[in-house]
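In what follows, a single structure is set out as structure tokens and then discussed.
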Amino acid sequence: MISWLNAQLHNHTTHSDGKDTVQQMVDKLSAGGARILAITDHNAVSGIPPFLKYCKEKGIIGIRGNEISSYYGHVVGLGVEDYLDWRYYQIDNPEQLFDDIHAKHGLCGLAHPIRIGYPLVPSCSWLYNIHDYSKIDYFEILNTGDWARSRNDIVIEYWLKKLRAGFLHLGAVSALDYHARPFHGHEYVTYIGIDTSETNLEQAVMSAIKYQRMIICKDKFINIYVLDKNNSIYYPGDTINDNNMELYIELDSDYKLHEKPIIILDDQNKKDIIYDFSGKIKIKEFSKFLVVSVYKNNTDFSNLLAISNPFKK
């Protein structure tokens, strides 16, 4: 049985440039609904032992990690507990960093790939020259740690472009990029689908991220799934073989929309906009992958309520 859990996968503490202690970070984010938390301090792993210990005491699934931050960009290594020296990675060979993260059995994520950088925020923009996108596991398509300098709308199109280029393994997550700043309100949350009866829940989360079983939502969870003619259910990350299926989108009853939500379906070749959505959509056919976006009122980026990871052929 799959449970969808609120996850915050990019967070900082006083072990790098965050203002909260490990305990304060866990307390604040879990009070906000998070059931999965990662610690990703900049070039620091000293906070991981107390973080994992406190998460266990609180009943939170703790994910070890760190954000390898160099002059050329930031890479999140989820599941990595060892220090990786940022000074060794060069602008024309980020694949060495990706390989080192994978050698530690971690997942490699591009942190805020498009953000205003030097001289305003040195190193926060992405300058690495990537030659092999197959070595990246996910993009932070919605980083809400700094709204003023992040172009999340461009990042989403960047991610879709890479899916269309054949990199269908690339997952998508949101990132609060927590440093103890006040919440802006309406932050995005990554909901991860896992079987909570599994023994090793940290590994279950890592596997779900790798598998792309994730839906990114603003405010409330929006369930996005597909049913076939036998009522077998498919979630983001799953492979769909039948062309005669129905897409379901379930909004929380608390949503107050002035009109029906607008649905955008992105696949290999096209972008379809559905204005007359009534809860389910007949899927006749899609090419290679299907990403589902939900908007309220109109398709302005500020009205994005949810975006799925890809369903695949």
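Just so it is clear, none of the values below were taken in a lab; they were calculated from the coordinates. Predicted model, so just to flag it, every value in this text is computed and none were measured. No Cβ is skipped: glycine too gets one built from the backbone with ideal geometry, and neighbour counts run over all protein chains shown.
Based on the alpha-carbon gyration tensor of segment 151-236 and its eigenvalue square roots a ≥ b ≥ c, which shape applies: rounded if a/c is under 1.5, prolate if not and a/b is larger than b/c, or oblate?
oblate
Okay, which of segment 1-45 sit inside 18 Å, backbone N to the point 7 Å along the Cα-Cβ direction of N231?
Under 18 Å, as judged by backbone N against the label point of N231, lie 1-2 of segment 1-45.
With a 10 Å Cβ neighbour count serving as the proxy for reagent exposure, in which order, fewest first, do I262, I216 appear? The partial results should precede the final answer.
On the way: I262 20, I216 25.
Lowest to highest Cβ neighbour count: I262, I216.
I'd like to know which of V173, N297, L9 lies farthest towards the positive end of the charge dipole of the chain, counting +1 on Cβ of Lys and Arg and -1 on Cβ of Asp and Glu.
Of V173, N297, L9, it is N297.
Counting other C-beta atoms within 10 Å, which of S125, S308 has the fewest, and how do the rest follow?
Lowest count first: S125, S308.
Using only the Cα atoms of segment 223-312, build the gyration tensor, take square roots of its eigenvalues as a ≥ b ≥ c, and label the shape rounded, prolate or oblate: rounded if a/c is under 1.5, else prolate if a/b is larger than b/c, else oblate.
On the way: a/c = 1.97, a/b = 1.49, b/c = 1.32.
Note, shape of segment 223-312 comes out prolate.
For segment 223-312, what number of Lys pairs, 8 or more residues apart or on separate chains, have alpha-carbon atoms under 13 Å from each other?
Numbers: K229/K282; K229/K284; K256/K296; K260/K280; K260/K296; K270/K288; K288/K312.
Lysine pairs meeting the criterion: 7.
If you take the square roots of the eigenvalues of the alpha-carbon gyration tensor of segment 3-218 and sort them as a ≥ b ≥ c, do you get rounded (a/c under 1.5), prolate (a/b over b/c) or oblate?
Since a/c stays below 1.5, the shape of segment 3-218 is classed as rounded.
Give me E187, E140 sorted ascending by neighbouring Cβ count inside 10 Å, so fewest comes first.
Arranged by neighbour count, lowest to highest, E187, E140 become E187, E140.
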